[in-house]
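The values are calculated or read from the model by the stated rules, or taken from the named source; none is laboratory data. All of these numbers come straight from a predicted model, not from anything done at the bench. Because the Cβ atoms are built from the backbone with ideal geometry, glycine has one as well, and the counts that use them run over all protein chains shown.
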Amino acid sequence: MRRRQVILSVAGVVGAAAFTLGLGAWRTRDRAAPNPFLPLPLAAMDWQLSDHLGQDVTPADWLGRPAMVFFGFTYCPDVCPTTLLDIADWLEDLGPDADKLTVALITVDPERDNAEALADYISNFDPRIIGLTGSPDAIARTAVDFRVRFEKVPAGDGDYSMNHTAGVFLFRADGRFAGIIDFHEDRRFAVPKIRRVLA
Amino acid sequence: MKTILLATALLSVAAVAQACGTFTMGDISIERAWSRASIGTDRPGVLYLEITNAGAADDALVGILTPAAGMPMLHETVVTDGIASMPHAASVLVPAGQTVALSPGGFHGMLMGLTEALTKGATFPVTLTFAQAGSVDVTVDVLSLRAEGPGCDDAK
(Lines give C-alpha, C1' and ligand atoms only; values in the text may rest on other atoms or scores of the structure.)
Protein backbone atom coordinates (compact mmCIF):
# COMPACT_ATOMS: atom_id res chain seq x y z
CA MET A 1 0.00 0.00 0.00
CA ARG A 2 2.70 2.39 1.12
CA ARG A 3 4.83 1.32 -1.80
CA ARG A 4 2.04 1.91 -4.23
CA GLN A 5 1.56 5.43 -2.85
CA VAL A 6 5.23 6.18 -3.38
CA ILE A 7 5.12 4.85 -6.93
CA LEU A 8 1.99 6.83 -7.65
CA SER A 9 3.36 10.06 -6.26
CA VAL A 10 6.66 9.63 -8.13
CA ALA A 11 4.71 8.97 -11.28
CA GLY A 12 2.65 12.06 -10.54
CA VAL A 13 5.70 14.26 -10.14
CA VAL A 14 7.31 12.86 -13.28
CA GLY A 15 4.08 13.31 -15.17
CA ALA A 16 3.70 16.90 -14.00
CA ALA A 17 7.31 17.67 -14.92
CA ALA A 18 6.84 16.14 -18.36
CA PHE A 19 3.65 18.13 -18.84
CA THR A 20 5.39 21.37 -17.81
CA LEU A 21 8.32 20.70 -20.12
CA GLY A 22 5.95 19.78 -22.92
CA LEU A 23 3.88 22.89 -22.37
CA GLY A 24 7.06 25.00 -22.33
CA ALA A 25 8.27 23.40 -25.54
CA TRP A 26 4.87 23.95 -27.17
CA ARG A 27 4.72 27.58 -26.08
CA THR A 28 8.24 28.35 -27.31
CA ARG A 29 8.04 26.21 -30.46
CA ASP A 30 8.36 29.26 -32.70
CA ARG A 31 11.56 30.59 -31.21
CA ALA A 32 14.83 29.07 -30.18
CA ALA A 33 15.07 28.28 -26.48
CA PRO A 34 17.03 31.04 -24.74
CA ASN A 35 20.58 29.98 -24.07
CA PRO A 36 21.21 30.31 -20.33
CA PHE A 37 24.73 31.64 -20.96
CA LEU A 38 24.07 34.27 -23.63
CA PRO A 39 22.30 37.62 -23.37
CA LEU A 40 18.62 37.72 -24.32
CA PRO A 41 17.67 39.65 -27.44
CA LEU A 42 17.15 43.29 -26.47
CA ALA A 43 13.46 42.97 -27.39
CA ALA A 44 13.03 40.23 -24.76
CA MET A 45 14.82 42.17 -22.02
CA ASP A 46 12.95 43.99 -19.31
CA TRP A 47 14.91 46.61 -17.40
CA GLN A 48 14.92 50.32 -16.81
CA LEU A 49 18.01 52.33 -15.95
CA SER A 50 19.04 55.95 -16.24
CA ASP A 51 21.94 57.33 -18.19
CA HIS A 52 24.77 59.61 -17.04
CA LEU A 53 22.60 62.64 -17.91
CA GLY A 54 19.71 61.35 -15.81
CA GLN A 55 17.51 60.22 -18.72
CA ASP A 56 15.55 56.97 -18.41
CA VAL A 57 16.70 54.20 -20.74
CA THR A 58 14.98 50.90 -21.55
CA PRO A 59 16.08 48.18 -24.00
CA ALA A 60 13.27 49.25 -26.35
CA ASP A 61 15.05 52.61 -26.75
CA TRP A 62 17.97 50.81 -28.33
CA LEU A 63 16.02 48.91 -30.98
CA GLY A 64 16.70 50.16 -34.48
CA ARG A 65 20.39 50.74 -33.92
CA PRO A 66 23.17 48.23 -33.38
CA ALA A 67 24.46 48.32 -29.81
CA MET A 68 27.70 47.58 -27.99
CA VAL A 69 27.25 47.07 -24.25
CA PHE A 70 29.64 46.25 -21.45
CA PHE A 71 29.55 46.09 -17.67
CA GLY A 72 32.09 47.67 -15.36
CA PHE A 73 32.56 50.31 -12.70
CA THR A 74 34.50 53.53 -12.52
CA TYR A 75 36.43 52.72 -9.33
CA CYS A 76 38.31 50.04 -11.20
CA PRO A 77 41.94 50.88 -11.89
CA ASP A 78 42.84 48.39 -14.60
CA VAL A 79 40.11 46.43 -16.42
CA CYS A 80 37.64 49.25 -17.04
CA PRO A 81 40.04 51.94 -18.27
CA THR A 82 41.60 49.25 -20.48
CA THR A 83 38.20 48.28 -21.91
CA LEU A 84 37.13 51.90 -22.34
CA LEU A 85 40.40 52.73 -24.08
CA ASP A 86 39.99 49.70 -26.34
CA ILE A 87 36.46 50.83 -27.18
CA ALA A 88 37.55 54.42 -27.82
CA ASP A 89 40.19 53.02 -30.20
CA TRP A 90 37.67 50.80 -31.99
CA LEU A 91 35.29 53.73 -32.44
CA GLU A 92 38.13 55.75 -33.90
CA ASP A 93 39.01 52.89 -36.27
CA LEU A 94 35.37 52.62 -37.37
CA GLY A 95 35.30 56.28 -38.33
CA PRO A 96 31.92 57.91 -39.03
CA ASP A 97 30.20 54.48 -39.04
CA ALA A 98 30.68 54.40 -35.28
CA ASP A 99 28.00 57.10 -34.98
CA LYS A 100 25.39 54.47 -35.94
CA LEU A 101 26.22 52.49 -32.82
CA THR A 102 24.78 52.77 -29.31
CA VAL A 103 27.71 52.27 -26.92
CA ALA A 104 26.92 51.81 -23.24
CA LEU A 105 28.76 51.07 -20.01
CA ILE A 106 26.39 49.62 -17.40
CA THR A 107 27.80 49.97 -13.91
CA VAL A 108 27.89 46.99 -11.56
CA ASP A 109 28.61 49.40 -8.69
CA PRO A 110 25.54 51.66 -8.46
CA GLU A 111 26.46 52.48 -4.86
CA ARG A 112 29.37 54.64 -6.05
CA ASP A 113 28.56 55.13 -9.73
CA ASN A 114 25.72 57.61 -9.79
CA ALA A 115 24.99 59.64 -12.92
CA GLU A 116 27.50 62.29 -11.99
CA ALA A 117 30.33 59.83 -11.29
CA LEU A 118 29.64 58.13 -14.63
CA ALA A 119 29.54 61.44 -16.50
CA ASP A 120 32.85 62.53 -14.94
CA TYR A 121 34.49 59.32 -15.90
CA ILE A 122 33.31 58.49 -19.40
CA SER A 123 33.77 62.06 -20.64
CA ASN A 124 37.48 61.21 -20.64
CA PHE A 125 37.12 58.49 -23.24
CA ASP A 126 34.66 59.05 -26.09
CA PRO A 127 31.55 61.26 -26.04
CA ARG A 128 29.62 58.52 -27.84
CA ILE A 129 29.87 56.20 -24.82
CA ILE A 130 26.92 56.50 -22.44
CA GLY A 131 26.91 55.33 -18.83
CA LEU A 132 23.92 53.61 -17.22
CA THR A 133 23.11 53.24 -13.55
CA GLY A 134 20.09 52.48 -11.39
CA SER A 135 19.05 51.01 -8.07
CA PRO A 136 20.91 47.85 -7.00
CA ASP A 137 17.76 45.88 -7.86
CA ALA A 138 17.51 47.44 -11.31
CA ILE A 139 21.18 46.64 -11.99
CA ALA A 140 20.72 43.05 -10.76
CA ARG A 141 17.70 42.61 -13.03
CA THR A 142 19.65 44.03 -16.00
CA ALA A 143 22.56 41.70 -15.31
CA VAL A 144 20.21 38.70 -15.39
CA ASP A 145 18.94 39.66 -18.86
CA PHE A 146 22.51 40.02 -20.11
CA ARG A 147 23.58 36.82 -18.26
CA VAL A 148 26.20 38.93 -16.57
CA ARG A 149 27.60 38.01 -13.17
CA PHE A 150 29.10 40.39 -10.64
CA GLU A 151 30.02 40.37 -6.99
CA LYS A 152 31.41 42.74 -4.44
CA VAL A 153 34.86 41.91 -3.07
CA PRO A 154 36.05 43.59 0.14
CA ALA A 155 39.45 45.24 -0.36
CA GLY A 156 40.23 46.29 3.21
CA ASP A 157 39.51 49.50 5.13
CA GLY A 158 35.83 49.26 4.16
CA ASP A 159 36.82 49.67 0.55
CA TYR A 160 35.73 47.17 -2.06
CA SER A 161 36.20 46.10 -5.63
CA MET A 162 33.85 44.34 -8.03
CA ASN A 163 34.36 41.13 -9.98
CA HIS A 164 32.28 41.18 -13.12
CA THR A 165 31.78 39.74 -16.58
CA ALA A 166 34.34 41.58 -18.69
CA GLY A 167 33.30 40.93 -22.30
CA VAL A 168 31.72 43.49 -24.62
CA PHE A 169 28.31 42.44 -26.02
CA LEU A 170 27.22 43.21 -29.56
CA PHE A 171 23.60 43.43 -30.68
CA ARG A 172 22.18 43.89 -34.17
CA ALA A 173 19.81 46.73 -34.95
CA ASP A 174 16.84 44.38 -34.46
CA GLY A 175 18.10 43.59 -30.98
CA ARG A 176 19.39 40.09 -31.66
CA PHE A 177 22.53 39.21 -29.74
CA ALA A 178 25.43 39.08 -32.20
CA GLY A 179 28.51 38.15 -30.21
CA ILE A 180 31.01 38.97 -27.50
CA ILE A 181 34.34 40.72 -27.81
CA ASP A 182 36.54 39.26 -25.09
CA PHE A 183 38.50 41.37 -22.65
CA HIS A 184 41.53 42.90 -24.37
CA GLU A 185 40.75 41.21 -27.68
CA ASP A 186 43.01 42.39 -30.48
CA ARG A 187 41.46 45.16 -32.55
CA ARG A 188 42.17 43.12 -35.68
CA PHE A 189 39.36 40.83 -34.52
CA ALA A 190 37.25 43.30 -32.59
CA VAL A 191 36.72 45.90 -35.31
CA PRO A 192 35.51 43.40 -37.98
CA LYS A 193 33.07 41.94 -35.39
CA ILE A 194 31.62 45.41 -34.86
CA ARG A 195 31.48 46.06 -38.60
CA ARG A 196 29.32 42.94 -39.01
CA VAL A 197 26.61 44.34 -36.73
CA LEU A 198 26.82 47.71 -38.49
CA ALA A 199 26.28 46.13 -41.91
CA MET B 1 64.51 86.64 -21.84
CA LYS B 2 66.98 84.49 -23.68
CA THR B 3 68.21 83.11 -20.37
CA ILE B 4 64.68 82.24 -19.34
CA LEU B 5 64.09 80.45 -22.63
CA LEU B 6 67.35 78.58 -22.24
CA ALA B 7 66.53 77.69 -18.67
CA THR B 8 63.08 76.47 -19.75
CA ALA B 9 64.65 74.41 -22.52
CA LEU B 10 67.13 72.88 -20.09
CA LEU B 11 64.36 72.19 -17.61
CA SER B 12 62.28 70.36 -20.19
CA VAL B 13 65.31 68.32 -21.24
CA ALA B 14 65.77 67.43 -17.60
CA ALA B 15 62.09 66.50 -17.38
CA VAL B 16 62.38 64.25 -20.44
CA ALA B 17 65.50 62.63 -19.07
CA GLN B 18 63.68 62.01 -15.82
CA ALA B 19 60.70 60.47 -17.59
CA CYS B 20 61.16 56.86 -18.62
CA GLY B 21 64.18 56.58 -16.36
CA THR B 22 65.95 53.36 -15.43
CA PHE B 23 66.33 52.54 -11.74
CA THR B 24 68.72 49.82 -10.66
CA MET B 25 69.45 47.94 -7.47
CA GLY B 26 71.83 44.99 -7.79
CA ASP B 27 70.61 42.71 -10.57
CA ILE B 28 67.18 44.31 -10.71
CA SER B 29 66.37 47.25 -12.93
CA ILE B 30 63.08 49.03 -13.38
CA GLU B 31 62.03 50.84 -16.53
CA ARG B 32 58.96 52.54 -17.97
CA ALA B 33 57.21 53.23 -14.70
CA TRP B 34 53.97 55.03 -15.47
CA SER B 35 50.54 55.76 -14.14
CA ARG B 36 47.37 57.41 -15.37
CA ALA B 37 45.99 60.74 -14.31
CA SER B 38 43.20 60.31 -11.77
CA ILE B 39 39.84 62.03 -11.42
CA GLY B 40 40.15 63.34 -7.88
CA THR B 41 41.32 61.01 -5.13
CA ASP B 42 38.35 58.69 -4.59
CA ARG B 43 39.12 56.20 -7.30
CA PRO B 44 42.23 54.06 -7.04
CA GLY B 45 45.24 54.94 -9.17
CA VAL B 46 47.30 52.45 -11.09
CA LEU B 47 51.00 51.67 -11.44
CA TYR B 48 52.64 49.93 -14.38
CA LEU B 49 56.34 49.22 -14.95
CA GLU B 50 58.86 46.72 -16.29
CA ILE B 51 61.26 44.76 -14.12
CA THR B 52 64.38 43.11 -15.53
CA ASN B 53 66.34 40.58 -13.52
CA ALA B 54 69.87 40.41 -14.94
CA GLY B 55 71.01 38.02 -12.22
CA ALA B 56 71.36 34.24 -12.14
CA ALA B 57 68.79 33.79 -9.37
CA ASP B 58 65.04 34.36 -9.39
CA ASP B 59 63.74 37.34 -7.48
CA ALA B 60 60.28 38.59 -6.65
CA LEU B 61 58.60 41.94 -6.15
CA VAL B 62 57.02 41.62 -2.73
CA GLY B 63 55.85 45.11 -1.87
CA ILE B 64 55.23 48.66 -3.02
CA LEU B 65 55.16 51.81 -0.96
CA THR B 66 54.49 55.38 -2.05
CA PRO B 67 53.59 58.68 -0.44
CA ALA B 68 51.06 59.05 -3.29
CA ALA B 69 48.69 56.48 -1.79
CA GLY B 70 47.66 55.32 1.67
CA MET B 71 47.24 51.72 0.61
CA PRO B 72 49.26 50.65 -2.43
CA MET B 73 48.87 46.98 -3.28
CA LEU B 74 49.93 44.53 -5.95
CA HIS B 75 47.06 43.03 -7.90
CA GLU B 76 46.61 40.87 -10.93
CA THR B 77 43.72 41.07 -13.34
CA VAL B 78 42.53 37.55 -14.05
CA VAL B 79 39.72 36.69 -16.45
CA THR B 80 38.16 33.30 -15.67
CA ASP B 81 35.11 32.14 -17.65
CA GLY B 82 34.64 35.71 -18.82
CA ILE B 83 34.59 37.13 -15.29
CA ALA B 84 37.31 39.65 -14.50
CA SER B 85 38.61 39.63 -10.97
CA MET B 86 41.54 41.41 -9.44
CA PRO B 87 43.06 39.20 -6.77
CA HIS B 88 45.71 40.64 -4.50
CA ALA B 89 49.12 39.35 -5.55
CA ALA B 90 51.39 38.58 -2.60
CA SER B 91 54.37 38.80 -4.94
CA VAL B 92 55.32 39.02 -8.59
CA LEU B 93 58.00 36.53 -9.62
CA VAL B 94 60.83 37.89 -11.76
CA PRO B 95 62.77 34.84 -12.99
CA ALA B 96 66.53 35.04 -13.54
CA GLY B 97 67.42 36.70 -16.84
CA GLN B 98 63.85 37.75 -17.61
CA THR B 99 61.76 40.89 -17.86
CA VAL B 100 58.32 40.95 -16.28
CA ALA B 101 55.83 43.72 -16.91
CA LEU B 102 53.15 45.18 -14.72
CA SER B 103 50.91 46.22 -17.61
CA PRO B 104 47.25 46.88 -18.46
CA GLY B 105 45.16 43.74 -18.09
CA GLY B 106 47.77 41.89 -16.03
CA PHE B 107 49.78 42.58 -12.90
CA HIS B 108 49.48 46.15 -11.70
CA GLY B 109 49.99 48.28 -8.66
CA MET B 110 46.67 49.46 -7.29
CA LEU B 111 47.04 52.76 -5.48
CA MET B 112 44.16 52.94 -3.05
CA GLY B 113 43.63 56.03 -0.94
CA LEU B 114 45.39 58.53 -3.20
CA THR B 115 46.79 61.35 -1.09
CA GLU B 116 46.27 63.79 -3.94
CA ALA B 117 44.95 63.66 -7.47
CA LEU B 118 47.47 62.38 -10.01
CA THR B 119 47.84 64.97 -12.74
CA LYS B 120 49.21 64.42 -16.19
CA GLY B 121 52.87 65.44 -16.44
CA ALA B 122 53.53 65.01 -12.72
CA THR B 123 55.75 62.34 -11.20
CA PHE B 124 55.68 60.52 -7.89
CA PRO B 125 58.14 58.22 -6.12
CA VAL B 126 57.52 54.56 -5.40
CA THR B 127 59.69 52.21 -3.38
CA LEU B 128 59.66 48.66 -4.70
CA THR B 129 60.82 45.89 -2.38
CA PHE B 130 62.30 42.69 -3.79
CA ALA B 131 62.83 39.46 -1.89
CA GLN B 132 66.50 39.27 -2.90
CA ALA B 133 67.64 42.64 -4.24
CA GLY B 134 66.09 44.73 -1.47
CA SER B 135 64.46 48.08 -2.09
CA VAL B 136 64.70 50.37 -5.07
CA ASP B 137 63.20 53.83 -5.46
CA VAL B 138 61.68 54.66 -8.82
CA THR B 139 60.06 57.76 -10.28
CA VAL B 140 56.68 57.19 -11.89
CA ASP B 141 55.45 59.38 -14.74
CA VAL B 142 51.80 60.32 -14.66
CA LEU B 143 50.42 60.16 -18.19
CA SER B 144 46.98 61.06 -19.49
CA LEU B 145 43.93 59.14 -18.36
CA ARG B 146 43.84 57.80 -21.90
CA ALA B 147 47.42 56.53 -21.97
CA GLU B 148 47.72 52.91 -23.07
CA GLY B 149 51.45 52.51 -22.62
CA PRO B 150 54.50 54.12 -21.05
CA GLY B 151 55.00 56.55 -23.93
CA CYS B 152 58.78 56.27 -23.88
CA ASP B 153 60.53 56.75 -27.21
CA ASP B 154 62.20 53.38 -27.15
CA ALA B 155 59.06 51.59 -25.95
CA LYS B 156 58.26 48.51 -28.01
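Quick notes
- Segment B:110-155, residues that are within 9 Å of chain A (Cβ to nearest Cβ), surrounded by 15 or more Cβ atoms within 10 Å (Cβ to Cβ) and of a type outside the set (A, V, I, L, M): B:G113, B:R146, B:E148
- The set of residues in segment B:73-95 that are outside any strand (DSSP E or B) and at the interface with chain A (Cβ under 8 Å from one of its Cβ atoms) comprises B:T77, B:G82, B:M86.
- Qualifying residue in segment A:91-108 (condition: basic (K, R), free of Cβ contacts under 8 Å to residues at least 40 places away in the same chain and assigned by TED's automatic domain parsing to the domain that holds A:A138): no
- Among the residues of segment B:92-148, those that are out of contact with any strand residue (DSSP E or B) (no Cβ under 6 Å at 6 or more places or on another chain) and acidic (D, E) comprise B:E116, B:E148.
- Candidates A:D97, A:D46: the one that is acidic (D, E), away from chain B (no Cβ under 14 Å), assigned to a loop (DSSP other than H, G, I, E, B) and surrounded by fewer than 21 Cβ atoms within 10 Å (Cβ to Cβ) is A:D46.
- Only listed residue being farther than 21 Å from A:R196 by Cα, in contact with a helix residue (DSSP H, G or I) (Cβ under 6 Å, 6 or more places away or on another chain), modelled with pLDDT of 95 or more and within 13 Å of chain B (Cβ to nearest Cβ), chosen from A:G72, A:G54: A:G72
- No other residue among A:E151, A:E111 is at pLDDT 95 or above, surrounded by fewer than 17 Cβ atoms within 10 Å (Cβ to Cβ) and not in a strand (DSSP E or B) apart from A:E111.
- Subset of segment B:117-146 (residues that are among the hydroxyl-bearing types (S, T, Y) and part of a strand (DSSP E or B)): B:T123, B:T127, B:T129, B:S135, B:T139
- Just one of (1) more than 9 Å from chain B (Cβ to nearest Cβ); (2) farther than 14 Å from A:M68 by Cα fails for A:P192. It is (2).
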